[in-house]
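To keep things clear, I will list the structure first and then write my remarks on it.
What follows draws every value from the coordinates through simple rules; no lab data is involved. Keep in mind the model is a prediction, meaning the values are calculated, not measured. Backbone-built Cβ (ideal geometry, glycine too); neighbour counts: all protein chains shown.
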Amino acid sequence: MRTRDLTFGLYADEQGLAWVKKLVEDAVGSRSARIVGETVAHTFPGSELSTADMYDLLAEQWAVENPARSSGARQLVELRVRLVCSLRTWRAIRKATIRTLCPEGTAPHTCRVPWMAA
């Protein structure tokens, strides 16, 4: 078992961020893995680049998909979750989290929290 990172760019308020964290916890809890760290970043380590610069498309996505709604307290952040698990388990957790973030379907839909997997 090794330490591995799950990284997601998000355009979320506090409630949306808590929801995404819970999705990751649920995906981890049903597998042989454990969370050993979690960071919500607004900048990239060792860089002057901000998460707003990197994930600005998510704010645009929100505006297009929700033209009549205010973005409220949403911010562009990066959620980094550090896990101890095998590569196979990490892939399964990542896949389960992504599938739950915005379920695919044939009908047009919008994601509750615009996201990007890094």
>> Let me spell it out: the conditions are (1) surrounded by fewer than 18 Cβ atoms within 10 Å (Cβ to Cβ); (2) in a strand (DSSP E or B); (3) under 13 Å from the mean Cα position of the chain (by Cα); (4) not small (Gly, Ala, Ser), and residue 36 meets all of them except one. Which number is the exception?
In response: (3)
>> Being closer than 21 Å to residue 97 by Cα and surrounded by 14 or more Cβ atoms within 10 Å (Cβ to Cβ) is the filter here; which residues of region 39-53 pass it?
In response: 40, 41, 51
>> Suppose we filter region 1-15 for residues that are surrounded by 14 or more Cβ atoms within 10 Å (Cβ to Cβ) and within 13 Å of the chain's Cα centre (by Cα); how many remain?
In response: 8
>> Can you say whether residue 26 is surrounded by 12 or more Cβ atoms within 10 Å (Cβ to Cβ), in a helix (DSSP H, G or I) and acidic (Asp, Glu), as far as the supplied structure shows?
In response: yes
> Here are 50, 71, 32, 86: which of them is touching a His at 6+ places or on another chain (Cβ under 8 Å) and among the polar types (S, T, N, Q)?
Replying inline: 50
> Are any of the residues in region 107-117 part of a helix (DSSP H, G or I) and on the phi < 0 side of the Ramachandran plot?
Replying inline: no
>> Taking the condition of being of a type outside the set (Gly, Ala, Ser) and surrounded by fewer than 17 Cβ atoms within 10 Å (Cβ to Cβ), how many residues in region 69-83 meet it?
In response: 3
> residue 8 versus (1) in a strand (DSSP E or B); (2) of a type outside the set (S, T, N, Q); (3) without any contact (Cβ under 8 Å) to a residue 12 or more places away in the chain: which is the lone unmet condition?
Replying inline: (3)
> Quick one: how many residues across region 59-96 are in a helix (DSSP H, G or I) and under 23 Å from residue 25 (Cα atoms)?
Replying inline: 10
> Just to be sure, is residue 18 among the hydrophobic types (A, V, I, L, M, F, W, C), under 20 Å from residue 93 (Cβ atoms) and surrounded by fewer than 16 Cβ atoms within 10 Å (Cβ to Cβ)?
Replying inline: yes
> In region 39-58, which residue that is assigned to a helix (DSSP H, G or I) and closer than 14 Å to residue 111 by Cβ is nearest to the chain's Cα centre (by Cα)?
Replying inline: 58
